[in-house]
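Participant: Quick one: this structure, given as structure tokens, is what I'll be asking you about.
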Amino acid sequence: MTSPVLPSHGRVRPLGLTQVSLTGGFWGGRQTVNATATLAHCESWMERLGWLANFDRVADGTTSPDRPGWSFSDSEVYKLLEALSWESARSGDPEAESAIKRLTARVARAQDPDGYLNTCFGHPGRPPRYSDLEMGHELYNTGHLLQAAVARLRTAGDDDLVRVARRAADHVCRTFGPDGIDGVCGHPEIEVGLAEFGRALGEPHYVEQARLFIERRGHGRLKDIPLGRAYFQDDIPVREADVWRGHAVRALYLAAASVDVAVETGDSGLLDAVRRQWERSVARRTYVTGGMGSRHQDEGFGEDWELPPDRAYCETCAGVASIMVSWRLYLATGDVRCADLIERTLYNVVATSPSADGRAFFYANPLHQRAAGRPADPDEVSPRAEAGVRAAWFDVSCCPTNVARTLAGLHAYLATVDDDGLQLLQYAAGEIRAELPGGRPVALDVETAYPDDGTVRVRVVAGPDEPWTLSLRVPGWADGATLTEGGRTTTVAPGLAQVRRAFAAGDEIVLELPMTPRFTWPDPRIDAVRGCVAVERGPEVLCVESADLPSPGVLDALTIDAGSAPRAVPGGAVVRGRARGVPDQAWSYRDRPLSGDGGDWFDVPLRPYHAWARRGPSAMRIFLPIADQHPPTQEGA
Ligand SMILES: [Zn+2]
């Protein structure tokens, strides 16, 4: 079976990547851009910056103190290999296959006789192996190698990449096993790599090594750093923590691995811990976009309710990692709210990062950009992760390859099966050719222009004669959704709408999701956006861009009439707003309230946040202050 995540058991089971295909639309188009532009873009930058040549230097014995790239640059090669593996299986593109072969050959040459594989440590002129567990990323890199090998193993079988990965994994198990170094890596990732590698090979001792790493963390084995041990989740054991904290990508990769290990070892305490952390972190530490991470200083989670829109970090990789956690939790528990969060994060974080041509990326995804960025040079590496404009490549370039591997395998997240039938979770034009339990084939075609349009038409092409249940996810925001089947239309509540019967070829089930733009009110405890409202349409968060306003300063002074509902227009929505320029003052504080409210009402255009700054640099905001004259009526107030 070909899928990034294949637990040995769970409430629901993933479909294989060969069982689902996207046939265009929002995600099919992005998958094509990823295949035809992003993958080659990533390889060319890694070549140009010497990150690939680092492997050659190890093989040729020419390593030196002068090495290009950060200690984690090897991992970008591995994430690209993972993306190429999914892509090769998806499209059969011979270029993807030959890229895998040429990259694998260079990686393989750099492997030491004992299986150790790293271009930053352990060779002449370089620091000794495992001499900087806190920030050296050695095991992190290996974790990504293992994930790449899993993709290769499940799509092409046991090849050179898998053999390299096995030797590297065996080296890790020997070196960090029960009798080895009693340490963990400062950046979790080896755990999720080992767990899946063990599942893919059917060799539980790799899962056991992942478990050992998870159990060791949280006891202060890593040296304290100015950001504190919470930065790498070495402050509290996973099973005792109540919330995600510290570096967001680290926290989420660790949580994903913890679900894997909990499922494989039947550890309900560990699984409950991650569920508890998911609940509180999603409720109190997550942006309306699904973005995670409020702090730039440590790329980390803030306190509960600390969700400033302009200082939002929301690293693209944290979005990818959040999807990894939610997908594993959903598979384990069947909790469809996880699929809701996946949808939100896909549309508003993952889709936001790449440019339309797939050759530039956002690293951070703030919800408010006060000043338009400067146009990025497509030939230059961006030194910083600020997000005024998408950059071709970054000094720390974790996000482009993370987007690439996610998009290449995106169809993995569309649907699942259980003993009773099939669950359709994400809506995209596509085809499903799966098997229900007992080997009963089922074929469905999905027609939809979602999210431009809320109609999802599921046609049964073939299926078993006996009754089975088709479930369609109704997103949490979709009040008033309807389901039409067998000539009857019924209203369906958020959750799973289920139809159980014997379907005949040609039967159609039509889900109508309400796509009227809507106001979204933040919890008042998120004080950075108190008195503000956002606008959403379907799964898309909308935003206002200065490019659409009469003058750039209008964005700062804009207030919104929350008493009149947003209206749909092609490509987005409009809300009633106004902006009275506030005179500049020598001191911005007074002994009586200052109001910027006033001016003539006009229609303020909003567009999907994922498309912001695609027309050029722009200031932008998602949360809009509410005009004084129309205080919102609040339920229970
Ligand atoms: Zn990143």
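Participant: Counting only residues that are in contact with a Gly (Cβ under 6 Å, 6 or more places away or on another chain), give me the helices (runs of 4 or more DSSP H) lying completely in the stretch 17-88 with at least 1 of them. It would help to see each step written out before you state the result.
Facilitator: Values: elements: 25-33, 39-48, 53-60.
Result: 25-33.
Participant: Out of all the residues in the stretch 241-259, is one or more surrounded by fewer than 18 Cβ atoms within 10 Å (Cβ to Cβ) and under 27 Å from Ser8 (Cα atoms)? Show your work before the answer.
Facilitator: Of the stretch 241-259, the ones surrounded by fewer than 18 Cβ atoms within 10 Å (Cβ to Cβ) are 242.
Cutting the leftovers down to under 27 Å from Ser8 (Cα atoms) gives us 242.
Yes - at least one qualifying residue is present in the stretch 241-259.
Participant: Which of the residues spanning the stretch 208-229 are in a loop (DSSP other than H, G, I, E, B), within 25 Å of the chain's Cα centre (by Cα) and among the basic types (Lys, Arg)?
Facilitator: Arg217
Participant: A further question on this structure: From the list Arg359, Arg405, which one is surrounded by 20 or more Cβ atoms within 10 Å (Cβ to Cβ), within 16 Å of the ligand (Cβ to nearest atom) and touching a residue at least 60 places away in the same chain (Cβ under 8 Å)? Give the derivation first.
Facilitator: Working: Arg359 fails: within 16 Å of the ligand (Cβ to nearest atom).
Of the residues listed, the single one that is surrounded by 20 or more Cβ atoms within 10 Å (Cβ to Cβ), within 16 Å of the ligand (Cβ to nearest atom) and touching a residue at least 60 places away in the same chain (Cβ under 8 Å) is Arg405.
Participant: If you scan the stretch 162-186, which residues turn out to be within 25 Å of the chain's Cα centre (by Cα) and of a type outside the set (Gly, Ala, Ser)? If you could, list the steps in order and put the result at the bottom.
Facilitator: Step one: filter the stretch 162-186 for residues within 25 Å of the chain's Cα centre (by Cα), giving 165, 184-186.
Answer for the stretch 162-186, where residues must be within 25 Å of the chain's Cα centre (by Cα) and of a type outside the set (Gly, Ala, Ser): Val184, Cys185.
Participant: Take Arg374 and decide whether it is in contact with a helix residue (DSSP H, G or I) (Cβ under 9 Å, 6 or more places away or on another chain), away from the ligand (no atom under 13 Å from the Cβ) and assigned to a loop (DSSP other than H, G, I, E, B). Let's see the steps before the verdict.
Facilitator: On the way: in contact with a helix residue (DSSP H, G or I) (Cβ under 9 Å, 6 or more places away or on another chain): no; away from the ligand (no atom under 13 Å from the Cβ): yes; assigned to a loop (DSSP other than H, G, I, E, B): yes.
Considered against the rule, which asks whether it is in contact with a helix residue (DSSP H, G or I) (Cβ under 9 Å, 6 or more places away or on another chain), away from the ligand (no atom under 13 Å from the Cβ) and assigned to a loop (DSSP other than H, G, I, E, B), Arg374 comes out as no.
Participant: May I pose another question? So Ala443 fits all but one of (1) more than 16 Å from the ligand (Cβ to nearest atom); (2) in contact with a strand residue (DSSP E or B) (Cβ under 7 Å, 6 or more places away or on another chain); (3) in contact (Cβ under 8 Å) with a residue 60 or more places away in the chain; (4) not aromatic (Phe, Trp, Tyr); what number is the exception?
Facilitator: (3)
Participant: Against the definition (in contact with a His (Cβ under 8 Å, 6 or more places away or on another chain) and of a type in the set (Phe, Trp, Tyr)), how does Tyr347 come out, yes or no? Can you show your working first?
Facilitator: Values: in contact with a His (Cβ under 8 Å, 6 or more places away or on another chain): yes; of a type in the set (Phe, Trp, Tyr): yes.
Yes: the conditions hold for Tyr347.
Participant: Still on this structure, I have one more. Return the residue satisfying two criteria in turn: it lies in the stretch 95-121 and is surrounded by 15 or more Cβ atoms within 10 Å (Cβ to Cβ) and hydroxyl-bearing (Ser, Thr, Tyr), and of such residues it is farthest from Phe72 (Cα to Cα).
Facilitator: Thr104
Participant: Restricting the search to the stretch 378-402, which residues are at pLDDT 90 or above, of a type outside the set (Asp, Glu), within 12 Å of the ligand (Cβ to nearest atom) and assigned to a loop (DSSP other than H, G, I, E, B)?
Facilitator: Within the stretch 378-402, Val396, Ser397 qualify.
Participant: When you look at Val541, is it under 30 Å from Leu470 (Cβ atoms) and crowded, with 23+ Cβ neighbours inside 10 Å, yes or no? Before you say what the answer is, go through the steps one by one.
Facilitator: Details: under 30 Å from Leu470 (Cβ atoms): yes; crowded, with 23+ Cβ neighbours inside 10 Å: yes.
Considered against the rule, which asks whether it is under 30 Å from Leu470 (Cβ atoms) and crowded, with 23+ Cβ neighbours inside 10 Å, Val541 comes out as yes.
The values are calculated or read from the model by the stated rules, or taken from the named source; none is laboratory data. No experiment lies behind these values; they were computed from the predicted model shown. Glycine also receives a Cβ, built like all others from the backbone with ideal geometry; neighbour counts cover every protein chain displayed.
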